[in-house]
Amino acid sequence: MSRLVRMRINQKLEYGDWWSKMAVKKLGIVVYGACKKRDGFWEAWLDKAKELVRMIGYAPTHAGIMGTSLSDNLRTLRRSEGKMRQVIADGEPVQSLSVYVMPGDFRTESDNLCWLHLADNNWYLNKQFEKYAYCEMNLDKCSREIIETVKTVLMEFIEMEQCEIFTMEKSWVPYNYVFKGMGEDISRYPTLEILWRMDKRSLACR
């Protein structure tokens, strides 16, 4: 057995078949636009995100909040939910709030099985659309009913400027495409397939 073959076998044993995990196809649903701020906005988002995760077929495991004294990308939901609700109730300025489903062997946030994210102000990116709601899930968990329900819920929190549904291989990090906003050069994402797109102008023409 060659040294290269032995090295690849050892890598598979160590990382649990990393190659197959990175080839997973993701479905993303993103709604760009201003947040529909109202009393209890962030609490309502947290509740709805957890509800959507369960509808998709998972139990939410982690959460992240940015812009507050509790700011952290990833904490266990069991330990952080009460603290998150407290800083929100105290009026601290929330920039984003996420709910995740993470497998037991995850290494980074991109290993999520499902992820709901609402961003109110990514101030460090000088982009036209800095506010959006986003859902990412494994494609094999999708159905038309789930997609339509998720899209409808996201639009409850965002004044829609554009909505897009797409698929992309996990290895290309779909959130990078979403994060960079509308107008991103799609040629940089060879596994991207845009399934559906609508903007405010086309909706007004109906």
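Data table
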read-out: Residue in region 107-129 that is open to solvent by 40 Å² or more (accessible area, probe 1.4 Å), at pLDDT 95 or above and outside any strand (DSSP E or B) present; value: yes
read-out: Flag if Leu70 is surrounded by fewer than 21 Cβ atoms within 10 Å (Cβ to Cβ), touching a Gly at 6+ places or on another chain (Cβ under 6 Å) and of a type in the set (A, V, I, L, M); value: no
read-out: Of all residues in region 174-189 being surrounded by fewer than 17 Cβ atoms within 10 Å (Cβ to Cβ) and touching a strand residue (DSSP E or B) at 6+ places or on another chain (Cβ under 9 Å), the one that is modelled with the lowest pLDDT; value: Met182
read-out: Selection from region 87-106 of residues that are surrounded by fewer than 13 Cβ atoms within 10 Å (Cβ to Cβ) and either in contact (Cβ under 8 Å) with a residue 12 or more places away in the chain or over 23 Å from Glu136 (Cα atoms) (or both); value: Ala89, Asp90, Gly91, Pro93, Asp105
read-out: Among residues of region 52-86, those that are without any contact (Cβ under 8 Å) to a residue 40 or more places away in the chain and part of a helix (DSSP H, G or I), counted; value: 10
read-out: Residue list for region 145-169, restricted to those being part of a strand (DSSP E or B) and surrounded by 17 or more Cβ atoms within 10 Å (Cβ to Cβ); value: Ile158, Met160, Glu161, Gln162, Cys163, Glu164, Ile165, Phe166, Met168, Glu169
read-out: Filter result for Gly16 (of a type outside the set (A, V, I, L, M, F, W, C), modelled with pLDDT under 95, open to solvent by less than 70 Å² (accessible area, probe 1.4 Å) and under 30 Å from Thr149 (Cα atoms)); value: no
read-out: Residue match in region 89-102 (condition: in contact with a Gly (Cβ under 8 Å, 6 or more places away or on another chain) and of a type in the set (Asp, Glu)); value: yes
read-out: Matching residues, region 32-58, being touching a Cys at 6+ places or on another chain (Cβ under 8 Å) and either under 17 Å from Cys142 (Cβ atoms) or open to solvent by 30 Å² or more (accessible area, probe 1.4 Å) (or both); value: Leu52, Val53, Ile56, Tyr58
read-out: Tally of residues being surrounded by 12 or more Cβ atoms within 10 Å (Cβ to Cβ) and either farther than 21 Å from Tyr58 by Cβ or not polar (S, T, N, Q) (or both) across region 75-86; value: 7
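The values are calculated or read from the model by the stated rules, or taken from the named source; none is laboratory data. Nothing here was measured: the structure is a model prediction, and the numbers come from that model. Don't worry about glycine lacking a Cβ; one is built from the backbone with ideal geometry, like all the others, and counts go over all protein chains shown. Ligands, DNA and RNA are excluded from the accessible area calculation, which covers all protein heavy atoms including side chains. Shrake-Rupley method; radii C 1.70, N 1.55, O 1.52, S 1.80 Å.
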